[in-house]
Amino acid sequence: MKNIFNFSFWIVVISILAACSTKNEINLKECNTFVAAKPVWAEGRETERNLTLAFREIIEARRVSEAYIRLTASCDYRMRINGEFVSHGPCVAAHDYYRMDCIDIKQFLKAGKNIVAIEVAGYNDDNYYLLNQPSFLQAEVEINGKVVAATGSSFEAYDLKQRKQDVPEFSFQRPHTEYYILSDDFEQWLTNADWQGAEPVKQALQPTKKILSRHVEYPDYRLHDAQPLPDNNIYAFECNSTGFLGIKVRVEEPAHLQVRFDEVIGQDGNVNGARLQCNAFINYELQPGEYTIESFEPYTMKYAQTLINSGKCTVERVYMRDYCNSDVNRAAFVSDNNDLNRLFEAARETFRQNALDIFMDCPSRERAGWLCDSYFTSRVAFDLSGDTQIERNFIQNFLLPEKFKHIDEGMLPMCYPSEHPNKNHIPNWAMWFVIQLEEYLQRSGDREMIDAAKDRVYALIEYFKPFINEDGLLEKLTRWVFVEWSRANSLVQDVSYPSNMLYAQMLDAAGRLYGDNSLHLQAEAMRETIRKQSFDGEYFIDNAVRADDGQLQLSGEHTEVCQYYAFFTGVATPESHPNLWKRLRDEFGPIRKETKAHSDVPFANAFIGNYIRNELLSREGLCAQILDESVDFYLPMVELTGTLWENMTTVASCNHGFASHIAHVLYRDVLGVYNISPVEKVVTLRMIDSGLENCKGSIPVGDESVDVEWKKEAGQFVVALSMPAGYSYKVVPSGSKVRVDLK
């Protein structure tokens, strides 16, 4: 094993990260008020489906000391100045709210005339990505402290008809596919100040909008190319990538070009754009000429396949303009086990693509912000970026609406911002929201947000009260009762014990947040009842069903994930159920795929069973076992896509936000940074022998960092620790000898 525990190697690593820095040059300027701009759209067309308008204004620039544009839109926009890409947005927000971007544009302006061009897509479509709200743009340009252009008084709007409207949806979770009909002068409106290629549409003022600050960093828009593969006109990126797909193409005869994309190549050697039940393709009808074209919407892919359906054209370049989190590269992790280093980098890459302005489920088929997933991803956000900016946006979105359309009173949407006209929700995922709130408070100290959430939390408790049966347990929960993607989810009625275990944990979290002892008493009573009813002496049974005579009857089925829920929520502990814990520890997990042990117990899936398992192993200090299981579980994903997956196979998303949680595991269980409390200003170390000889890492804390470097010497951990000013540290006893040297 090569020893990389030396200063010179670390300098090389940091230099590489700096060279690849994702920090955007655009300055973050918080603002939520327009000076002059009004919301506008084409008159009478604000609810028209899949209408893209092109807004344009010519501004004069002389002796510019500062220049900004403030803007927001529904659904989303792309802004270019003099043909050069500037930004895409805005951040997503709750119903009836819109987040404002305030972008420093000085670097994009030239002396004389400048063309500010903003495309806005108004989808007016129900999905899990962009809300179905009337279309508008509100924008103003400020130069040297004076507003020189503003919607409502300037900016012409055009319906260029370059994007076809009558097209299928990308997926039921996302709006329409992209289909373009272009000639080689299609960008003249962007670059020619004298362009008069279309008649302006009549604009109408729209109702006043509720504006919020963006609050989070601006994206990373880095460009990188795909490389052509030998066969089938397929181009491959170095790893799974998320952003705006670009092509450079030379057209000799009028051509119809389709570009398909996906995260993996199909068994037939082609790209299957329908793998995720999506229409993952972009269509182009092109007249002769040369084109460089980027998609308007962000997509995820490792592979893109170009198909010439008619005519004659040559694709000369396929590239990606990233649309990812820009504040992840200050974090670092290097150990003497290269497999772990690769897992960390894959986790970083997975996170940056899934954490733009909320914590996304996946950046491909839906880009939705799911509860439960966010519990795990929010930990990674704090580890990699050193703040809770995105988490604050995520939580705030759930608190802003007076009520949620289509969702039962008191319940929370399973993902949000989103539309749920089918009235579906996951009651279990709402429980995770409260559990996450408690960790958010510990990370942020944001008591104001917690107090703002109180009514939502207690409304949720009221929602569940009618489902409490005579034993004090939830029974016959409605809608999509979800435990995980496994046999366990066929065992969720009438009394789901995993659901009740989680609800007890939610009540405890709410009790601690709001000083309500009655919730603690209810939670403990539920746990005691679950132990009596569900545990059969060997395992916890998943559910009980109400028989015709009115009695509850245990199903007799016990799944692996049900056992994990029991220990995770405090229904069971290694001390209270030692035999079951020993069995789970030693005979379950990934090894069971080979040993076939306990074949009467259905397997847990990746999420959330295997993630909870990691948490349980960590509680018991079984760090070496976590590493062995994690390498077996994650490394095949890293080798295939460079990102981490929703499941253990490629049947679903191969780039899933919660999967980045392995970065948190590596910091906690390998580097030994068990906890960082910015509220108490304490770094907690827990050094446990995981079989490694050395490890080094840097964890951002605000604008500073916690830096840890350890190596094994004569049977003890020798730890070099650097912390932000005002911080102290403590060491959790772990059976290891530890010496800490402050730097």
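The values are calculated or read from the model by the stated rules, or taken from the named source; none is laboratory data. Here the structure is a predicted model, which is why all the values come from computation and not from measurement. Cβ: placed from backbone, ideal geometry, glycine included. Neighbour counts: every protein chain shown. Side chains included, ligands, DNA and RNA excluded: accessible areas come from the protein's heavy atoms. Shrake-Rupley method; radii C 1.70, N 1.55, O 1.52, S 1.80 Å.
Things to note:
- Distant alpha-carbon pairs in the stretch 670-709 (separation over 12 angstrom), percent: 60
- Separation of the stretch 341-390 from the stretch 643-664 is 11 Å, based on Cα centroids.
- Stretched out straight at 0.36 nm per residue, the stretch from Thr595 to Gln188 would grow longer than its current Cα-Cα span by 140.0 nm.
- Taken about its Cα centre, the stretch 258-414 carries a charge dipole of about 200 debye when Lys and Arg each add +1 at the Cβ and Asp and Glu each add -1 at the Cβ.
- Debye-sum result for the stretch 450-576 in log10 I(q)/I(0), which assumes one identical scatterer on each alpha carbon, at q = 0.10, 0.16, 0.18 Å⁻¹: -0.31, -0.78, -0.97
- Bridgeable aspartates and glutamates around Lys712 (alpha carbons under 12 Å apart, same-chain partners fewer than 8 residues away excluded): Asp336, Asp689, Glu693.
- Rg and Dmax of the stretch 68-113, based on Cα coordinates, read 12.2, 41 Å.
- Whole-angstrom Cα spans of the stretch 99-165 along principal axes, big to small: 42, 27, 23
- Centre separation in Å (Cα based) which lies between the stretch 110-170 and the stretch 196-219: 5
- Kirkwood Rh and Cα Rg combined as Rg/Rh, the stretch 528-645: 1.03
- Quotient of Cα Rg and 2.2 N^0.38 Å for the stretch 20-140, N being how many residues it contains: 1.09
- Degrees separating the helix 373-385 axis from the principal Cα axis of the chain, which is the longest one: 70
- Reciprocal mean inverse distance between Cα atoms of the stretch 196-346 - Kirkwood radius, Å: 18.3
- With a cut-off of 15 Å between beta carbons, the residues surrounding Tyr440 carry a summed charge of -2, where Lys and Arg count +1 and Asp and Glu -1.
- Computed over the stretch 615-731, the P(r) curve from all C-alpha pair distances, binned at 10 Å from the origin, holds 12, 38, 33, 15, 2 percent per bin.
- Rg/Rh (Cα only; Kirkwood hydrodynamic radius) as it applies to the stretch 579-656: 0.97
- Counting DSSP beta bridges with both ends in the chain, the antiparallel % (nearest 5): 85
- Student exercise, the chain dipole from Lys, Arg, Asp, Glu Cβ charges, in Debye to nearest 20: 1220
- Per the Debye calculation on the stretch 376-453 with a single equal scatterer at every Cα and no solvent contribution, log₁₀ I(q)/I(0) for q = 0.19, 0.22, 0.26 Å⁻¹ amounts to -0.83, -1.05, -1.31.
- Kirkwood Rh and Cα Rg combined as Rg/Rh, the stretch 281-373: 1.09
- A Cα-only calculation for the stretch 148-200 places Rg and Dmax at 14.7, 41 Å.
- Sorting 156-163, 550-557 by their mean Cβ neighbour count within 10 Å, with the most densely packed peptide first, gives 156-163, 550-557.
- Rounded to the nearest 0.05, the FRET efficiency derived from the C-beta distance between Arg739 and Glu680 at R0 = 30 Å is 0.80.
- Computed from the C-alpha gyration tensor, the three semi-axes of the ellipsoid equivalent to the stretch 132-174 are 32, 14, 9 Å, from longest to shortest.
- Selected from Gln522, Tyr497, Asn279, residue furthest toward positive end of dipole (the chain; charges at beta carbon): Gln522
- The aspartates and glutamates whose alpha-carbon is closer than 14 Å to the alpha-carbon of Lys405, local same-chain residues fewer than 8 away aside, are Asp96, Asp126, Glu419.
- Element breakdown for the stretch 162-222 at a 1.4 angstrom probe: carbon and sulfur atoms account for 47% of the accessible area.
- Nearest-ten-degree value, helix 427-444 long axis tilted from longest Cα axis of the chain: 90
- Around Pro574: net Lys/Arg minus Asp/Glu count, Cβ-Cβ under 14 Å: +1
- With eigenvalues of the C-alpha gyration tensor scaled by 5 and rooted, the stretch 627-684, Å: 28, 13, 7
- Computed from the Kirkwood radius of its Cα pairs, the Stokes-Einstein diffusion coefficient for the stretch 148-250 at 25 °C and 0.890 mPa s stands at 131 µm²/s.
- With Cα atoms as the point set, the stretch 204-253 shows a radius of gyration and Dmax of 19.3, 55 Å.
- Of the residues Asp600, Asp548, Asp361, the one with the largest accessible area comes first in the ranking Asp548, Asp600, Asp361, computed with a 1.4 Å probe on protein heavy atoms.
- Solvent exposure of the chain as accessible area per residue, Å², 1.4 Å probe: 38
- Dimensions of the stretch 411-510 along the principal axes, based on C-alpha atoms and rounded to the nearest Å, stand at 39, 33, 25, largest first.
- Helix 497-514 vs. the chain, principal-axis angle (Cα, 0 to 90°, nearest 10): 80
- Dipole orientation for the chain: of the candidates Pro200, Thr649, Thr569, Pro200 has the Cα lying most toward the positive pole (charges on Cβ; Lys, Arg +1; Asp, Glu -1).
- Kirkwood Rh in Å, taken over all unlike Cα pairs in the stretch 491-552: 12.5
- Scalar couplings 3J(HN,Hα) for the stretch 321-338, obtained by applying the Karplus form with A = 6.51, B = -1.76, C = 1.60 to θ = phi - 60°, are 9, 4, 9, 9, 4, 9, 10, 10, 8, 6, 6, 8, 8, 9, 10, 8, 10, 5 Hz; x denotes Gly and Pro.
- Eigenvalues of the alpha-carbon gyration tensor of the stretch 531-573, scaled by 5 and square-rooted, set the equivalent ellipsoid semi-axes at 21, 10, 8 angstrom, largest first.
- Calculated SAXS-style log₁₀ I(q)/I(0) at q = 0.07 Å⁻¹ - the chain, Debye, Cα scatterers: -0.53
- Normalised convex hull volume, the stretch 235-321, alpha-carbon set, Å³ per residue: 90
- Unsatisfied cross-links (Cα-Cα over 19 Å) in the set Lys106/Lys248; Lys403/Lys423; Lys113/Lys146: Lys106/Lys248
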